[in-house]
Each structure stands twice: as structure tokens, then as C-alpha cells.
1. Given H placed on each backbone N at 1.01 Å, which residues far from Val95 in sequence or on other chains put an amide H within less than 5 Å of it?
2. Ratio of Rg to Rh for the range 6-83, alpha carbon only, Kirkwood?
3. For the range 56-71, take each phi angle, set θ = phi - 60°, evaluate the Karplus expression 6.51 cos²θ - 1.76 cosθ + 1.60, and give the result in whole Hz per residue in order, putting x for glycine and proline.
4. Would you mind telling me which residue in Arg126, Arg26, Arg91 has the biggest mean-square fluctuation in a Gaussian network model of the chain, where springs connect alpha carbons within a distance under 10 angstrom?
5. Tilt of helix 122-135 relative to the longest C-alpha principal axis of the chain, in degrees (0 to 90, nearest 10)?
6. Can you list the residues of the range 6-48 with backbone N under 14 Å from a point 7 Å past the Cα of Arg63, pointing along Cα to Cβ?
7. Considering only protein heavy atoms, what is the solvent-accessible area of Lys51 at a probe of 1.4 Å, reported in Å² to the nearest 10?
8. Just the number please: accessible area per residue for the chain, 1.4 Å probe, all protein chains included, in Å².
Amino acid sequence: MASDAPGLLEARGIEREFRMGPARIRVLRGADLALQAGQIAAIMGPSGSGKSTLLHILGTLDRPDGGSVRIEGVDVFGLAAPALAAFRNQRIGFVFQLHHLLPEFTAEENVMMPGLIARRARARARDRARELLAEVGLAERAEHKPAELSGGEQQRVALARGLFAGPGLVLADEPTGNLDADNARSLHDLMYTLARRHR
Ligand code: ADP
Ligand code: MG
């Protein structure tokens, strides 16, 4: 059935270049990408081809030099900075290769951090964090700090944190890049399972 509903993500004509002294590197030259809700897409290319640059722009962490990004129908770069920050916090989840977990905080506190930043009620944020840790198979590890967890477990905590706000869009930049083959495969499987369940 045809639908006029906006897609989850529509990126059109994305341009991005970097200046290195006198040289200019055109990294993105009119990149287009469209995704529907529930869809999973992988962006593949050699190191230095611009994957991270594109993901940062899709995640609104960086601005393109040209082109537009609509997420859930919202022209994100048309938003003023505070509205964009709120949109990013509520609608976009991130999982990076280096998980950026905060070492001083437990797994549970790391997962609920987006809720604390958004000034959500602490008890509800804690419940939600526990729920998500159970979903990624780490219910028993809630009180552990990142250094007490394996690399694969740390990445699952990062995945739970990325899902905290119930984002419409989750962006993962080489989330398995630091994992061995077995852990990488199980994180992939988990991401597919969660994408279906949270659709
Ligand atoms: P990938 O993630 O595919 O490995 P990147 O998006 O990180 O590639 O980088 C693409 C190109 O852009 C590389 O040549 C990189 O050196 C360059 N680049 C990325 N970010 C910057 C920046 N902030 N300043 C200058 N050059 C950059
Ligand atoms: Mg990269």
C-alpha cells in the first residue's frame, strides 16, 4: 500500500569537506540515504572513505556543507541548537566502536545517563536501565563498572545505553570493531533481535 508517511531517515545530497592547510578533502559528494522504520542498513567502505563522517552528520553531531537530513519528518539542521540537542537526546541512539562508557559509573548508571541528562525521574530511569540490561543479557552485571566487564559486555552496555530513550534511529559506528569474531557475531545478532523487538 502506498503511504505518504515520512520515512525514518531521508538524507539528500550530503556534502562535507575538510580543510587540511591549503588542501581541501571532499569526503562526501552528494550522499543520499533513505531508511524506513524497522529497517537495518550497513554502510560499508574502506577506512577513510567517509563512513564516520556520514554517521556523525546523520546523528546531527556534525553539520554538512550542503544537503539536508530529515529524521521522522523533521528537517534537523533547520532546528535551533537547543531544539536540535533535545531531538538528538530523545530520538537518536549512538553506539560507537570505542564505547565511551564512563569508568567511574556502574553499568546501570551508564545506561541511565541519557535519562539523567534529560532530567527524567531517577527511579524510573533506573527501572528502564535494568530492563535494558536484562534485554542485553547483563541483568547480573548492573552494579559492575566498565573495567570489571569484558569488551563484549561493555559493548552490550553501550548498546543498552543507546536504546535508553527509545530512539527512532540507532547509529552504530563499527560497534564490533574492537571485538573478537565470536563476540562480534553475538553483538550483531543482538542488534538484529533488538531492532525487531523495538520496531
Ligand atoms: P571512515 O570512517 O570511513 O574510516 P572518516 O569519515 O573517519 O572515514 O574519514 C574520511 C576522511 O575525512 C579521511 O580522509 C579523514 O582523514 C578525513 N577527516 C575526517 N574527519 C576530519 C576532520 N575533522 N578534519 C580533517 N579531516 C577529517
Ligand atoms: Mg570510521
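The values are calculated or read from the model by the stated rules, or taken from the named source; none is laboratory data. All figures in this text were calculated on a predicted structure; none of them were measured in a lab. Using ideal geometry, Cβ is built from the backbone for each residue, glycine included, and neighbour counts are taken over all protein chains shown. The area values use the complete protein model at the heavy-atom level, side chains included, leaving out ligands, DNA and RNA. Shrake-Rupley method; radii C 1.70, N 1.55, O 1.52, S 1.80 Å.
1. Leu171, Ala172, Asp173
2. Ratio of gyration radius to Kirkwood radius for the range 6-83: 0.99.
3. 5, 5, 4, x, 6, 7, 9, 9, x, 7, x, x, 9, 10, 10, 10
4. Checking each option, the largest mean-square fluctuation is seen for Arg26.
5. The helix 122-135 is inclined about 90 degrees to the chain.
6. Only 15-17 fall inside the zone, counting backbone N under 14 Å.
7. The value for Lys51 is about 30 Å².
8. 57 Å²
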